[in-house]
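Q: Here it is, the structure, as structure tokens.
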Amino acid sequence: MSWLGTAERARADRAPSVIPGPGNGPGSEPGNGPGAAPALPPGALPGIPRQRASRPAPSEAAPGGLAAPPRRRPWRLLPTPAGTPFTFGYALLLVATSLFAEYGDPVLVSDLLQGSSTDVVHLAQAPLLVLVASALWIAGGMTSGYAIGFLFVLTALERRIGGLRTAAVFFGGHALATLATELPVAFSVAAGRLPESSLHRLDYGISFGVMTSIGALAGLLPAWLRWPVLAGVGYLAVIDLLAYIDPMTDWGHLLSLALGVASWPLLRRWRTRLARPAPLLGDLGHPALRGARTY
């Protein structure tokens, strides 16, 4: 074979193979027919899909390439049926009892308040009943400072530790502070230092539970907000105590605040447990995978 035939065969071997099809006949350019393989874009390799550059979501992107700040949601400061069911339901109950106390029969309202009082006589007769019933009324009505504090404080606390734990903090502080203020009255009357009329004092409301919740919530706040809250609320409680209008109740407010502060280690443990992610299915610590053989 001549050198000319050898060169033509070498060029034919180096030429790209074209799939036969319509439009690939003589006189047509290879790769332009319907049956030809699609042309790859520059920089792409056959068999390897191109990767698209991921674009940030509109909510995450910000001018200058910086991350957008988190959105503020003012409505989260108030209770909602889905987000804070305990605070929402309890608030509706307090609104109902406050409206009844305002517009109901005065004689019936007075009898109910007397029966709900956590004085020494009622605590000796039916302690659980009066401890619960006394927390169904707001002393001072819906416009009092403790009613407003109830909405904001218990909402913030429930969003951090859950409804059941918030109820435990509120009613625990309410019950302990009530017993701590009424038991000394009983001992003082028995010792002859107070008259027997002190056994029948009218005592009801949510103030002890609210003060306990404030002290508990302060432990879950950042330091720049925690100490101003404690200082402001403690200052108001001390001012009321120095006024000596109702010293027993005012002492109960300070004690309730201290009970909330004492619960900080337990609350932080609860919050850490709630924030802990669930174990993955492939985790060796998962109960379903314990004892599994590894190869």
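Q: Of all the residues that make up the stretch 133-149, how many are at negative phi, touching a helix residue (DSSP H, G or I) at 6+ places or on another chain (Cβ under 8 Å) and open to solvent by 30 Å² or more (accessible area, probe 1.4 Å)?
A: At the first step, the residues of the stretch 133-149 found to be at negative phi are 133-139, 142-149.
Then drop every residue that is not touching a helix residue (DSSP H, G or I) at 6+ places or on another chain (Cβ under 8 Å), which leaves 133-139, 142, 146-147, 149.
From what's left, open to solvent by 30 Å² or more (accessible area, probe 1.4 Å): 136, 139, 142, 146.
Residues that pass the stated criteria total 4.
Q: Same structure, new question: Tell me, please, whether a residue that is farther than 17 Å from Pro85 by Cα, part of a helix (DSSP H, G or I) and small (Gly, Ala, Ser) can be found in the stretch 151-171. Before you say what the answer is, go through the steps one by one.
A: Taking the stretch 151-171 as the starting set, the residues that turn out to be farther than 17 Å from Pro85 by Cα are none.
Scanning the stretch 151-171, I find no residue that is farther than 17 Å from Pro85 by Cα, part of a helix (DSSP H, G or I) and small (Gly, Ala, Ser), so the answer is no.
Q: Now, a different point. Considering only the stretch 189-228, state which residues are over 22 Å from Tyr90 (Cβ atoms) and of a type in the set (Val, Ile, Thr).
A: Matches in the stretch 189-228: Val189 only.
Q: Now for a different question. Anything in the stretch 195-251 that is open to solvent by 40 Å² or more (accessible area, probe 1.4 Å) and assigned to a loop (DSSP other than H, G, I, E, B)? List them, or say none.
A: Matches in the stretch 195-251: Pro195, Arg201, Leu202, Tyr204, Pro222, Tyr244, Ile245, Asp246.
Q: Give just the number: which of (1) closer than 21 Å to Ser134 by Cα; (2) in contact with a helix residue (DSSP H, G or I) (Cβ under 7 Å, 6 or more places away or on another chain); (3) not charged (D, E, K, R) does Ser197 not satisfy?
A: (2) is the only condition that Ser197 fails.
Q: Does Phe152 meet the test of being aromatic (Phe, Trp, Tyr), under 30 Å from Pro265 (Cα atoms) and either in contact with an Asp or Glu (Cβ under 6 Å, 6 or more places away or on another chain) or touching a residue at least 12 places away in the same chain (Cβ under 8 Å) (or both)? Write out each step before concluding.
A: Working: aromatic (Phe, Trp, Tyr): yes; under 30 Å from Pro265 (Cα atoms): yes; either in contact with an Asp or Glu (Cβ under 6 Å, 6 or more places away or on another chain) or touching a residue at least 12 places away in the same chain (Cβ under 8 Å) (or both): yes.
In short, yes.
Q: Can you tell me which residues in the stretch 188-207 are farther than 25 Å from Leu257 by Cα and without any contact (Cβ under 8 Å) to a residue 12 or more places away in the chain?
A: Hits for the stretch 188-207 are Ala190, Ala191, Gly192, Arg193, Leu194, Pro195, Glu196, Ser197.
Q: Quick check: anything in the stretch 180-192 open to solvent by less than 20 Å² (accessible area, probe 1.4 Å) and of a type outside the set (A, V, I, L, M)?
A: Initially, the stretch 180-192 is screened for residues open to solvent by less than 20 Å² (accessible area, probe 1.4 Å), giving 181-182, 185.
Then keep just the ones that are of a type outside the set (A, V, I, L, M); that gives 181-182.
Checked the stretch 180-192: at least one residue is open to solvent by less than 20 Å² (accessible area, probe 1.4 Å) and of a type outside the set (A, V, I, L, M).
The values are calculated or read from the model by the stated rules, or taken from the named source; none is laboratory data. This is a predicted model, so every value here is computed, not measured. When we count neighbours, we look across all protein chains shown, and the Cβ atoms used for this are built from the backbone with ideal geometry, even at glycine. We work out accessible area using only protein heavy atoms, side chains counted, and drop any ligands, DNA or RNA first. Shrake-Rupley method; radii C 1.70, N 1.55, O 1.52, S 1.80 Å.
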